[in-house]
Amino acid sequence: MRILITGIAGFVGSKLAGYFRKALPDATIIGFDNLSRKGSEANLPLLKDWDCQFMQGDISDRFFMESLQKVDWVIDCAANPSVLAGRGNDSLSLIQDNLMGTIYVLEKCKHDGAGLVLISTSRVYSIATLNAIPLKNTGMAFSIDASQPLPQGITEKGITENCPVSAPISLYGATKLASEVLALEYHHRFGFPVWINRCGVIAGGGQLGKIDQGIFSYWIYQYLLQKPLKFIGYDGLGLQARDMLHPEDLFRLVWQQMIHPVAGAPNIVNLGGGNANTLSLAELDAYCKRNIDGNKVIQSINENRTYDIPYYSTDYTMAQTIWNWKPKWSATKILNEIVDYGKQNIDHINSL
């Protein structure tokens, strides 16, 4: 089998490459990355150790994409993953990376007859709907108040695939949603397999998080580096909550989709940690105080930012029902792995 991973030097791409190498020792794993994300070059030695064929290239470069050798599967991990991207002069580059890149990937799949796994995002869902979820304050976090009527696509377990995707969803979310629609059209017209996985916050050791992407690792690294942190929005209390998903759990479903597909399974599925793996910033901060620095003071900003949402947890019932999938990595295990990685690589993290 010949597998192409776009964005292979990134956190998710490199992790999937490693898991595929263990699962398919005889497979040819090819990948490319434009190395625009600071720190991504640190994964290149790992890819070499795993006997992955690496090329530096850009998914939005049509001629580069057309030059790639024939493959059986494409796993598309290349994207600008920030919900804050595109708000200024970078809107065109966001669309070129996230949407035009998808078009070139789809053309390659059509040409090669290759299957596609598109790593998408929970950010395709309507911000208005997510903000309309009735919530209760548990003292340290928001959670769904199932005693009140819930909006379409929302259950007491979280957000389902039936949640509306109407605008506004951010330019980032719009590029990913448009990519999904195009992928399904190519699938129906040209017949190659397409699987779309809408992921919650993917987190784990090796992720170089930022304030707008990878919040769990970012918060931990700021603690380790003794740098300031702020609760932003929602009265500055840190009650906003997200669920986390480890890349190994993502790989487990991608593996099934590629190697053991279920006939008639929906092309789109939500993946995330669910209620058990949902943490607020306040709960994340309490973990950091217990395990890193009990005296750290967190500043507060009351005002919400554009595109902020107070709560997101994945209802992964469809994945569990059809694929017998559920996450194996607990929130605590994921956070512990991030702390261990941070302590072992603190100089590298500080240099970025």
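The values are calculated or read from the model by the stated rules, or taken from the named source; none is laboratory data. All figures in this text were calculated on a predicted structure; none of them were measured in a lab. Cβ placement follows ideal geometry from the backbone for every residue including glycine, while neighbour counts extend to all protein chains displayed.
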Which of the residues belonging to region 138-161 are of a type outside the set (A, V, I, L, M, F, W, C), surrounded by 14 or more Cβ atoms within 10 Å (Cβ to Cβ) and within 14 Å of residue 239 (Cα to Cα)?
143
Yes/no for residue 250 being farther than 16 Å from residue 312 by Cβ and touching a helix residue (DSSP H, G or I) at 6+ places or on another chain (Cβ under 9 Å):
yes
Is it the case, given these coordinates, that residue 42 is under 21 Å from the mean Cα position of the chain (by Cα), surrounded by 15 or more Cβ atoms within 10 Å (Cβ to Cβ), in contact (Cβ under 8 Å) with a residue 12 or more places away in the chain and under 21 Å from residue 114 (Cβ atoms)?
no
Enumerate the pairs (first residue in region 147-164 and within 13 Å of residue 198 (Cα to Cα); second residue anywhere and basic (Lys, Arg) and assigned to a loop (DSSP other than H, G, I, E, B)) with beta-carbon separation below 8 Å, excluding pairs fewer than 6 apart on the same chain, so at least 6 apart or on different chains.
none
The residue that is farthest from residue 60 (Cα to Cα), considering only those in region 1-34 that are within 20 Å of the chain's Cα centre (by Cα) and of a type in the set (S, T, N, Q), is 14
Residues that are in a loop (DSSP other than H, G, I, E, B) and closer than 22 Å to residue 320 by Cβ, drawn from region 121-150
125, 133, 146, 150
Can you tell me how many residues within region 317-352 are over 18 Å from the mean Cα position of the chain (by Cα) and outside any helix (DSSP H, G or I)?
3
Among the residues that make up region 272-294, is at least one of them over 14 Å from residue 201 (Cα atoms), modelled with pLDDT under 95, of a type in the set (Gly, Ala, Ser) and exposed (fewer than 14 other Cβ atoms within 10 Å of the Cβ)?
no
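Consider region 264-286. How many of its residues are under 16 Å from residue 237 (Cα atoms) and either free of Cβ contacts under 8 Å to residues at least 24 places away in the same chain or under 22 Å from the mean Cα position of the chain (by Cα) (or both)?
Applying the first criterion (under 16 Å from residue 237 (Cα atoms)) to region 264-286 yields 279-286.
Now restrict to residues that are either free of Cβ contacts under 8 Å to residues at least 24 places away in the same chain or under 22 Å from the mean Cα position of the chain (by Cα) (or both): 279-285.
Final tally of qualifying residues: 7.
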Just to verify a result, which residue in region 4-39, among those that are of a type in the set (Ser, Thr, Tyr) and out of contact with any Cys (no Cβ under 8 Å at 6 or more places or on another chain), is surrounded by the fewest Cβ atoms within 10 Å (Cβ to Cβ)?
36
Being of a type in the set (Phe, Trp, Tyr), modelled with pLDDT under 95 and out of contact with any Leu (no Cβ under 6 Å at 6 or more places or on another chain), is that true of even one residue in region 184-195?
no
Selected residue (only one of 233, 200, 191 is within 16 Å of the chain's Cα centre (by Cα) and of a type outside the set (Ser, Thr, Tyr))
200
